Amino acid sequence: MGKEYKSHVLGVTSIICLLIFTLLYAAFSPAYINPFANFECYENEGKQNLSNWNGGIHSRKVDQEAPKFLMRRLVRGEDQIRLESTGFSCSTDLHYEVCLANKPVAIDNSALTLYVQSSETQAKHMVQPYALKDDATAMKAVKPVQILHGKTNLPTCNFNHSVPAVVFSSGGFTGNLFHEFNEIVIPLFITCSHFQSHLQFVITDFKPWWVEKYSRVLSRLSSYEVMNPAVNGSVHCFPGAIVGLKYHDNLALNSSDIHGGYSMFDFKQFLREAYELKLKDVPMAEKPVLILISRNTTRRFLNEDEMVIMMEELGFQVFVATPDMMSNLENFSSLVNSCSVMVGAHGAGLANAVFLPAGAVMVQVVPLGLEWASTNYFGGPASEMGLKYLEYKIKPEESSLLSTYGLDDPVIKDPYSIFLKGYYAARAVYVDGQNLKINVTRFRETLFEAMKLLVHPDLLN
């Protein structure tokens, strides 16, 4: 009886000790173990997450540890040291500039000015938040954002937000699918993914159609309504801000650039989830589906009907995609995701390859003079997307340029000499002034190679 009593007491004592230990751990363990713990208390504030607020920038206590922890992943070396010591840092390269503030900021939408207060001498910094700053034509359509940091007077805030702001432009070359993905959508993913939707977008050069077109991308990266500063002239306060977007390369993600960063594989998974795409990997099929990207203006296939007949005779189920179909990404992404092969002349439509399942084949038709662009804009990125890549380089007799200039003209014999005259001189000829009449007998060989990459050898003719 005594032994049973002692055993019972020891058991109860152990349980009590375990409970005390659990309570002590919960009370004293640091919040930064979970960098998103500080955001959880704001989840019930709703989609917009705004509150009328007429006090100063520090009137409402906002825990800044989570934004600081996440922002420091976007910079390295001296830029990271400066961010941690002053709360503000800018990093730049050939294509982009990004400025970070890991402390409270005020954004005056009417003046497109961001204020960051510190003990340093006041300085002004101008940023055009679009990831193609080396292209003067693109940047003409991007308004600069003024950043005043240091000993500066902060404006009175009208609204307070509990998550950082991300300021970027929907100007530049929007309207071109390649540039929309290359300079905005992929850079947004690179810059914002690790915040797990705990940030708010402030979009300059606001284009409603663009916001609508990419609503699934924006809503997956942010749990808050996008802000158009052109129609919202109030002063908004945030616990931090990112102005500009990080950029890696053409349709590319470099996972080593950001600590714990993401790859093209992760980006494609993000797109599958955002657009609810069914296929991750290309299915083995007796009759693979081929999507032909049709063009209305330059680099048109002049014998498109003849090409389709040849493709069907080869054993493909062919779908011809016209430009008007591509504006609705919700529908078109699903169509592309169901295909095993994409065929198209060099151009923006090939950017839809991001929706192809892994193992699918991209066949790029390379017009005269566009070898470098074809390789660097689509050929190289295709392998990073998990695609198999083939290209068909046309001969002079397949280009409309031959009848315009003649076989002995430098346009045909020496395209490099035309490019030496400048980008716009070459663009007028090879990008805007060329159409294609494909030799279907020769092209059939390329498509047969595509078929071999997809179906079992026993099914080949």
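Each reported figure results from applying straightforward, stated rules to the coordinates on display, with no laboratory input. These figures come from a predicted structure and were not determined experimentally. Note that each Cβ is placed from the backbone with ideal geometry, even for glycine, and that neighbours are counted across all protein chains shown.
Rounded to the nearest Hz, the phi-derived 3J(HN,Hα) couplings of the range 344-353 under the Karplus curve 6.51 cos²θ - 1.76 cosθ + 1.60 (θ = phi - 60°) are x, 6, 3, x, 4, x, 5, 5, 5, 4, where x marks glycine and proline. Using a Förster distance of 45 Å, how high is the FRET efficiency between Met126 and Glu313, based on the Cβ-Cβ distance and rounded to 0.05? FRET efficiency, Met126 to Glu313: 0.15. The order of Tyr392, Tyr416, going from fewest to most other C-beta atoms within 10 Å of their C-beta, is Tyr416, Tyr392.
Compute the whole-percent fraction of alpha carbon pairs in the range 371-437 spaced more than 15 Å apart. List each step's numbers first, then the result.
Details: 1317 of 2211 pairs.
That tail contains 60 percent of the Cα-Cα pairs.
Annotation: for a label point projected 7 angstrom from Cα along Cα→Cβ of Val231, residues of the range 147-176 with backbone N closer than 17 Å are 170-171. By other beta-carbon atoms within 10 Å, ranking Phe419, Phe267 with the fewest at the front produces Phe419, Phe267. Taking amide H as placed 1.01 Å from N in the peptide plane, Met227 has its amide H under 5 Å from the amide H of Phe201, Val202, Ile203, each at least 5 places away in sequence or on another chain.
By the count of other C-beta atoms within 10 Å, a proxy for reagent exposure, Met126, Met310 are ordered fewest to most as Met126, Met310. Sorting the segments 165-176, 376-387 by their mean number of nearby beta carbons within 10 angstrom, highest to lowest, gives 165-176, 376-387.
Would you mind telling me the antiparallel percentage of the DSSP bridges in the range 32-275, rounded to 5? Show your work: numbers first, answer last.
Numbers: 24 of 41 bridges.
Of the beta bridges lying entirely in the range 32-275, close to 60 percent run antiparallel.
Looking at the calculated P(r) for the range 32-275, what percent of the C-alpha pair distances fall above 25 Å? Counting every Cα pair in the range 32-275, those more than 25 Å apart make up 37 percent.
Only alpha carbons enter this Debye calculation for the range 332-425, each as an equal point scatterer, and the log10 of I(q)/I(0) it gives at q = 0.12, 0.14, 0.23 Å⁻¹ is -0.45, -0.58, -1.08.
Sort the following peptides by mean Cβ neighbour count (other Cβ atoms within 10 Å, averaged over residues), highest first: 284-293, 69-78.
Working: 284-293: 18.7, 69-78: 16.8.
Those peptides, ordered most packed to least, come out 284-293, 69-78.
In terms of distances greater than 31 angstrom between alpha carbons, the cross-link table entries Lys246/Lys393; Lys151/Lys246; Lys268/Lys413; Lys68/Lys140; Lys68/Lys143 yield Lys246/Lys393; Lys268/Lys413; Lys68/Lys140.
Both radii come from the Cα set of the range 289-459: Rg as radius of gyration, Rh as Kirkwood radius; their ratio Rg/Rh reads 0.97. Taking packing as the residue-averaged number of other Cβ atoms within 10 angstrom, the listed peptides 145-158, 362-375 run from highest to lowest as 362-375, 145-158. Whole-Hz Karplus values for the range 263-276 come out as 10, 4, 4, 5, 5, 5, 5, 4, 5, 4, 6, 5, 9, 6 Hz, taken residue by residue from phi with 6.51 cos²θ - 1.76 cosθ + 1.60 and θ = phi - 60°; glycine and proline positions read x. Label-to-label distance for Ala136 and Lys393 is 3.2 nm, based on points extended 7 Å past Cα in the beta-carbon direction. Farthest toward the positive end of the dipole of the range 289-459, out of Gly315, Leu453, Val366, is the Cα of Val366, where the dipole comes from beta carbon charges about the Cα centre.
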